[in-house]
1. Do we have Ala14 as crowded, with 22+ Cβ neighbours inside 10 Å and under 21 Å from the mean Cα position of the chain (by Cα) here?
2. Looking at (1) of a type outside the set (Lys, Arg); (2) open to solvent by less than 60 Å² (accessible area, probe 1.4 Å); (3) part of a loop (DSSP other than H, G, I, E, B); (4) closer than 20 Å to Val206 by Cα, which one does Pro135 not meet, given that it meets all the others?
3. Looking at (1) surrounded by 21 or more Cβ atoms within 10 Å (Cβ to Cβ); (2) more than 21 Å from Thr160 (Cβ to Cβ), which is the only condition Thr37 fails?
4. Determine if the stretch 111-121 includes at least one residue that is surrounded by fewer than 20 Cβ atoms within 10 Å (Cβ to Cβ), β-branched (Val, Ile, Thr) and touching a residue at least 40 places away in the same chain (Cβ under 8 Å).
5. How many residues does the stretch 78-90 contain that are within 18 Å of the chain's Cα centre (by Cα) and of a type in the set (Gly, Ala, Ser)?
6. Considering every residue within the stretch 189-197, establish whether at least one is within 18 Å of Leu13 (Cβ to Cβ), surrounded by fewer than 16 Cβ atoms within 10 Å (Cβ to Cβ) and in contact with a helix residue (DSSP H, G or I) (Cβ under 9 Å, 6 or more places away or on another chain).
7. When the stretch 171-186 is examined, which residues are found to be open to solvent by 10 Å² or more (accessible area, probe 1.4 Å) and farther than 18 Å from Pro83 by Cα?
8. Residues in the stretch 53-77 that are over 19 Å from the mean Cα position of the chain (by Cα) and either exposed (fewer than 13 other Cβ atoms within 10 Å of the Cβ) or touching a residue at least 60 places away in the same chain (Cβ under 8 Å) (or both): how many?
Amino acid sequence: MKRAALFDLDGVLADSHQAMRATLAGFATFHLGRRVTLADLPEDAAISSHEQVLADLGVTGALNEEAWEAAAATATLAATVFPYVPGTLTALRAQGIATGLVTSRAQRRVPWLLGPAILDLLDVIVCRDDAPLKPAPDGILLALHKLSVAPGDAVFLGDTESDIRAGLAAGVTALGAGWGFTSPERLRHAGAHQVLADPAEILPAVLAPAQTDHPRRSGASGQSGQLHEGS
């Protein structure tokens, strides 16, 4: 029986919360021609619809993709991979468990956060270019298809309510990363089978996934239609 452990990117593998907020502030600064600081952003800006955050700041009209790319590339320089990542991915693969990434980031931007050494520890990478955004389950299901792993033999670790809902809809064990962008309470409310308080809990949770009585649903494909790169 082949098994898999799939991960979200922002807030789970990469400590990028401030980088995502900085991207919004930088883009707004460029567009509005005045300084927009992190303090000008709502507390939940990183997990909110980016279009709505920008609109509330006064940014209107079509998104300037070049300016967004520049802001994202610059802000990402401050993001780092969590220290646990290399050892945990290596340990999972040593146990014969396939590893993968399912993220709402564009494919070309993943290397901005994860260097070659980390990318080499991932057996599959699915991005917004490949499947509808979470909470649609398509990205998770596509990753499992590429790995030839059944949903019942997989876990997905995410840090947002959309991640948890995508995992439940895909029929995998949905784990919440309590150190990510969303509070543990919100992850539990979204239906996470288990919320991890510390990355040290990942390996035990994957090797012996804790199931609860949360329903495992087969969700329909769909896309939010909102600009929300990250996660």
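The values are calculated or read from the model by the stated rules, or taken from the named source; none is laboratory data. Just so it is clear, the model here is predicted, and its values are computed rather than measured. Counting neighbours? That spans all protein chains shown, and the Cβs are built from the backbone with ideal geometry, glycine included. Accessible surface areas use protein heavy atoms only, side chains included; no ligands, DNA or RNA. Shrake-Rupley method; radii C 1.70, N 1.55, O 1.52, S 1.80 Å.
1. Yes.
2. Status for Pro135: all satisfied but (4).
3. Against the list (1) surrounded by 21 or more Cβ atoms within 10 Å (Cβ to Cβ); (2) more than 21 Å from Thr160 (Cβ to Cβ), Thr37 comes up short only on (1).
4. Checked against the condition, which is being surrounded by fewer than 20 Cβ atoms within 10 Å (Cβ to Cβ), β-branched (Val, Ile, Thr) and touching a residue at least 40 places away in the same chain (Cβ under 8 Å), the stretch 111-121 yields at least one hit.
5. Residues flagged as within 18 Å of the chain's Cα centre (by Cα) and of a type in the set (Gly, Ala, Ser) within the stretch 78-90 amount to 2.
6. Looking for residues that are within 18 Å of Leu13 (Cβ to Cβ), surrounded by fewer than 16 Cβ atoms within 10 Å (Cβ to Cβ) and in contact with a helix residue (DSSP H, G or I) (Cβ under 9 Å, 6 or more places away or on another chain), one finds at least one in the stretch 189-197, hence yes.
7. Passing the criteria: Gly171, Ser183, Pro184, Glu185, Arg186.
8. Of the residues in the stretch 53-77, 8 are over 19 Å from the mean Cα position of the chain (by Cα) and either exposed (fewer than 13 other Cβ atoms within 10 Å of the Cβ) or touching a residue at least 60 places away in the same chain (Cβ under 8 Å) (or both).
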